[in-house]
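Data first, discussion second: the structure below is written as structure tokens.
Quick note: the coordinates plus some simple rules give every number you see, no bench work behind them. If you're wondering where the values come from, they're calculated on a predicted model, not measured in any experiment. A quick note on method: Cβ atoms are made from the backbone with ideal geometry, for glycine too, and the neighbour counts reach across all protein chains shown.
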Amino acid sequence: MYVIVVGAGEVGRYVATILVDEGHDVAVIEEKEGVARDLESSLDCLVVHGSGVNPDTLHQAGIGKADLFIAVTQVDEVNLVSAMIAGRIGQKPMTVARVRELEHYQSGNMQAEDMGLSLLVGPEYSVAKQVVGQLSFEGAGEIRSLAEGRLVLLELPLSVDSPLCHETLAELSSTFPDPSLVGGIIGKEGLRIPRGDDVLGADERAEIITSPENIDEFIILSGKPWHHVRHVLIIGGGSIGYRLARELESQRLYPTIIEHNRHRAEWLSRKLTKSIVLLGDGTEPQLLKEQLEERSDAVVVLIDDDEKAVLIGLMVKHLGAKKVVVRSDKLEYAPIAHKMGIDALISPRRALANHILAFVRRGRISTAHMLGDHEGEVLEFEVPAAPKNSKLLSTPLKDLDFPRDSLVGGVIRGERVFIPDGEALFNPGDTLLVVALPSAIVAVEKLLR
């Protein structure tokens, strides 16, 4: 696939890196010369210095052969216009535009197709929903819905007190609630696909595929403290903070928001009639201490500065917050953040990339969930009625030659949800949850055609 990405900021660079890693031909258009030069020396792709709304620049980037066009600059209007132009002068590529205020562009039921585009993406809503997910269960870790909520992906940081750390996965499997499987382990060396003789280590994170009703049991097994979230303090009232507050209000959890900008705080107070909005500095220890003592037991830090956000998260944990969720696109901070008490890191960049990748792969791959900083993915496949691979419907799983850096973590068959063993056979219409490292994704797709 030939892909053009407009904008080499954090999101654009991240998406381009993922697509290059997966073997696609990528061109990036960037208006700032220094940024373009830096990207050219660090990523194996074509870099074009220019504007994404300039047809000459688009032709220079190869719009005539593009299969996919992604506009993810910081300016909504640039993204929309460049994607519209690309759709007109290209050979009908799929066109994706990032817009920060997604609801504004979808008012009156207007959709991407009404603008001649394939997809509008805005990470704010999906990130807010993800944070609500973190606040809906007890204890540390992150949780994501799989297979339309039939299963969940539970990322658990482990402590030395966890009983999960002392036996092999084969020995632990008989004690796990059904259905459950450790699909990945994230440690100092990155993500690894575990085998039966693997042992989870303290300070590692286990990626567990299980059913929603098993979440509490695994959180207890993680060895981390757990509690019920009742009152939420949000630091930062930007787009994500506003959407999060609305989500919480809909669930009868009325948060307190600390916002430093007076005009934004006044706007929030008008829009959020059931939340408390405070004008103040979210880095001020005394203000945080007062809020934690008065009403809040969970804190969500949603400021744009990654380093400052993590520091605030550590501060509120020190001040007694029972649960702390921090917005940070630098997932390399995760190991030390988890070790020092931050329960979850939420990445808008990862949420946006997840959305785009799921769209790119639509068809037999219904959804893609990134693990870590694109260290791996959980892919949802549907088994075709007439697969090109003649062995797919007649060969036990152990003989299908899955790539070593992948595993089948779950099967949805009608109303039944189960973890397959080596003797399992697949049926047409089964949904398979496959955990794979980037190096194995193409081989897995080929195997399951």
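Given +1 on the Cβ of Lys and Arg, -1 on the Cβ of Asp and Glu, and no further charges, what dipole in debye does segment 216-277 carry about its Cα centre, rounded to the nearest 20? Walk me through the numbers on the way to the answer.
Working: 10 positive and 6 negative charges, 63 e Å.
That gives segment 216-277 a dipole magnitude of about 300 debye.
Is the chain best put as rounded, prolate or oblate by its Cα gyration tensor, with a ≥ b ≥ c the root eigenvalues, rounded for a/c under 1.5, and otherwise prolate when a/b is larger than b/c, oblate when not?
It comes out oblate by the Cα gyration axes.
What does DSSP give for segment 233-377 in terms of the percent of beta bridges that are antiparallel, rounded to the nearest 5?
Roughly 10 percent of the DSSP beta bridges within segment 233-377 come out antiparallel.
For the chain, what is the mean residue ellipticity at 222 nm derived from helices alone (per DSSP H run of n ≥ 4: -39500 (n - 2.57); sum divided by total residues; nearest 500 deg cm²/dmol)?
-9500 deg cm²/dmol
Which entries of Lys330/Lys388; Lys129/Lys388; Lys129/Lys330; Lys92/Lys446; Lys129/Lys339; Lys271/Lys330 show an alpha-carbon separation above 29 angstrom in the structure shown?
Cα-Cα > 29 Å for Lys330/Lys388; Lys129/Lys388; Lys271/Lys330; rest within.
Against the globular-protein guess of 2.2 N^0.38 Å, express the Cα radius of gyration of segment 359-447 as a ratio, rounded to two decimals.
Ratio of Rg to 2.2 N^0.38 Å for segment 359-447: 1.02.
Roughly how many debye, to the nearest 20, is the charge dipole of the chain about its Cα centre, given +1 on each Lys and Arg Cβ, -1 on each Asp and Glu Cβ, and no other charges?
In debye, rounded to 20, the chain gives about 900.
Please list, by residue number, every one of the trypsin sites (Lys or Arg not before Pro) in segment 207-301 that is coil in DSSP and has at most 10 other beta-carbon atoms within 10 Å.
Taking segment 207-301 and a limit of 10 other Cβ atoms within 10 Å, the loop trypsin sites (Lys or Arg not before Pro) found are Arg252.
Give me a comma-separated list of calculated 3J(HN,Hα) values for segment 122-132, in order, Karplus coefficients 6.51, -1.76, 1.60 applied at θ = phi - 60°, integers in Hz, x for any Gly or Pro.
Per-residue couplings from phi come out as x, x, 4, 5, 5, 5, 4, 5, 5, 5, 4 Hz.
Please name which of Val434, Leu146, Leu43 has its Cα lying farthest along the dipole of the chain towards the positive end, using unit charges on Cβ (Lys, Arg +1; Asp, Glu -1) and the Cα centre as origin.
Looking along the dipole axis, the top candidate is Leu146.
Quick one: of the DSSP bridges fully inside the chain, what percent are antiparallel, nearest 5?
Of those bridges, close to 50 percent are antiparallel.
How many angstrom lie between the Cα centre of segment 419-449 and the Cα centre of segment 218-290?
So the separation of the two Cα centres works out to 40 Å.
Just want the answer: with Cβ charges of +1 for Lys and Arg and -1 for Asp and Glu, which residue in Thr175, Ala351, Val324 is farthest toward the dipole's positive end in the chain?
Checked the options; the winner is Ala351.
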